[in-house]
Amino acid sequence: MVITNDKTLLEVTGLTTSFFTGEGTVHAVNDVAFTVGRGEIFGLVGESGSGKTVTAHSIMRLVHQPGRITGGRIVFEGRDLLGLNEKQMEEVRGSRIGMVFQEPMTALNPVLRIGEQISETLEIHRASGGNGIRQRVMELLNKVGFDDPEKRLIQYPHQLSGGQRQRVLMAMAIACGPSLVIADEPTTALDVATQSQILGLLEGLVDTLDMSMIFITHDLNIVRSLGHSIGLMYAGRMLELSRVENFFKQPLHPYGRGLLGSIGGFSGSARRLTAIPGSVPRLSELPTGCTFHPRCPYIMDMCRVKEPVMKEVEKDQWVRCYLYQN
Ligand SMILES: Nc1ncnc2c1ncn2[C@@H]1O[C@H](COP(=O)(O)OP(=O)(O)O)[C@@H](O)[C@H]1O
Ligand SMILES: [Mg+2]
């Protein structure tokens, strides 16, 4: 029940990830489904707390206590990742799926030189050693836009700018030739100029290395310029799935419509997902029925009672809303 694409690389269905805390159970990701086509960028969008990072961690099987994946399938390159043992999963991480995090400083080791960190990634996932590795590290640094790789090899993370650190993380993410990179808000902490350089670089890497990418962001502008398909998350649910061009032409879910209306013309500073009145409910205090109903201008009686299911309303455009379910 997701976007159809005969060249599917990743197919997530019914993914549910819950946290079992002292205050009760919350479903941070609830019945989420989407697909990522080969060579395509899937933009996963949502306000803070909507479950984007937990979705990414679920795919990587990096959800830790008190959290647990409680349902669904994550079929990647033909295998359900949820059925792999830890050793098989370690192979997948880094070598088939690379990840770039929002805060590069926490993902890098402060006491290791850049060259050492990238070589480590290569050595963990590949047996080859010696001179080959140094050569490969230089190539990788070059691919992510450093024209002086020799100099970078011997630098420490704190000697680099935020944008440069993010490039190093990208080099590590693509080091073993993954078919999928998950980038979790990789540009959120960067200034606008650096942000657009990094986005250009990511787009170039997807093209030249023939990879797919899940790009997580709360910035619709980025998805519009970068993505092939889009998934709109809200309070742990996917509310709308669409090809990017269709979504921006005609979003179907009232949440998507509100977001696009509220960022009218995509100009100025009001381009973040905060301009709809109200806020995302806390997962521990979810409303009954449709999770969006307290903010929805089209509310009907049943919206308060029962949660709608995802339905394909137009070709390749799925929406979780009673406006489209007769
Ligand atoms: N370690 C955790 N313990 C308890 N709840 C968590 C934990 N991590 C995430 N959550 C819950 O999952 C929700 C979604 O988190 P997250 O995926 O990080 O949101 P996003 O990346 O969209 O901002 C959080 O608001 C919180 O309720
Ligand atoms: Mg996040």
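The values are calculated or read from the model by the stated rules, or taken from the named source; none is laboratory data. Predicted model only: the values in this text are computed from it and were never measured. Cβ atoms come from the backbone with ideal geometry, glycine included; neighbour counts cover every protein chain shown.
Numbers below:
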{"read-out": "Within the stretch 47-160, helices (runs of 4 or more DSSP H) holding 3 or more residues that are within 26 Å of His27 (Cα to Cα)", "value": "52-59, 86-95"}
{"read-out": "Residue within the stretch 189-199 that is within 16 Å of ligand 1 (Cβ to nearest atom) and either in the same structural domain as Ser58 (by TED's automatic domain parsing) or buried (at least 23 other Cβ atoms within 10 Å of the Cβ) (or both) present", "value": "yes"}
{"read-out": "Check on Ile3, aliphatic (A, V, I, L, M), more than 22 Å from Pro186 (Cα to Cα), touching a strand residue (DSSP E or B) at 6+ places or on another chain (Cβ under 7 Å) and modelled with pLDDT under 95", "value": "yes"}
{"read-out": "Subset tally (residues that are polar (S, T, N, Q), within 18 Å of Ser196 (Cα to Cα) and outside any helix (DSSP H, G or I)) for the stretch 214-235", "value": "1"}
{"read-out": "Residue identified as in the same structural domain as Ile216 (by TED's automatic domain parsing), near ligand 1 (Cβ under 8 Å from one of its atoms), part of a strand (DSSP E or B) and surrounded by 17 or more Cβ atoms within 10 Å (Cβ to Cβ) among Val36, Val26", "value": "Val26"}
{"read-out": "Unmet criterion (only one of (1) of a type outside the set (Lys, Arg); (2) farther than 18 Å from Met238 by Cβ; (3) in contact with a helix residue (DSSP H, G or I) (Cβ under 9 Å, 6 or more places away or on another chain); (4) at pLDDT 95 or above) for Gln102", "value": "(4)"}
{"read-out": "Selection status of Glu86, away from ligand 2 (no atom under 16 Å from the Cβ), within 27 Å of Thr208 (Cα to Cα) and surrounded by fewer than 19 Cβ atoms within 10 Å (Cβ to Cβ)", "value": "no"}
{"read-out": "Selection count where residues are crowded, with 18+ Cβ neighbours inside 10 Å and more than 9 Å from ligand 1 (Cβ to nearest atom), scope the stretch 39-59", "value": "7"}
{"read-out": "Only one of Gly83, Gly67 that is of a type outside the set (S, T, N, Q) and either more than 16 Å from ligand 1 (Cβ to nearest atom) or modelled with pLDDT under 95 (or both)", "value": "Gly83"}
{"read-out": "Filtered residues of the stretch 200-211 (kept if crowded, with 17+ Cβ neighbours inside 10 Å and assigned to a loop (DSSP other than H, G, I, E, B))", "value": "Met211"}
{"read-out": "Count of residues meeting criterion [β-branched (Val, Ile, Thr) and away from ligand 2 (no atom under 13 Å from the Cβ)] in the stretch 48-62", "value": "1"}
{"read-out": "Among residues of the stretch 173-184, those that are within 16 Å of ligand 2 (Cβ to nearest atom) and surrounded by fewer than 22 Cβ atoms within 10 Å (Cβ to Cβ), counted", "value": "1"}
{"read-out": "Residue identified as part of a strand (DSSP E or B) and on the phi < 0 side of the Ramachandran plot among Ala173, Ala193, Ala189, Ala183", "value": "Ala183"}
{"read-out": "Selection count where residues are assigned to a helix (DSSP H, G or I) and of a type outside the set (D, E, K, R), scope the stretch 283-297", "value": "4"}
{"read-out": "Among residues of the stretch 39-54, those that are of a type in the set (Asp, Glu) and modelled with pLDDT of 95 or more, counted", "value": "1"}
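Every residue, every condition in (1) surrounded by 16 or more Cβ atoms within 10 Å (Cβ to Cβ); (2) modelled with pLDDT under 95, yes or no:
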| residue | (1), (2) |
| --- | --- |
| Glu77 | no, no |
| Ser119 | yes, yes |
| His125 | yes, yes |
| Ser128 | no, yes |
| Leu141 | yes, no |
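Conditions (1) at pLDDT below 95; (2) more than 23 Å from Ile216 (Cβ to Cβ), marked per residue:
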site: Val244; (1), (2): no, no
site: Gln250; (1), (2): yes, yes
site: Gly268; (1), (2): yes, yes
site: Leu273; (1), (2): yes, no
site: Thr288; (1), (2): no, yes
site: Arg295; (1), (2): yes, no
site: Val309; (1), (2): no, yes
site: Glu314; (1), (2): yes, yes
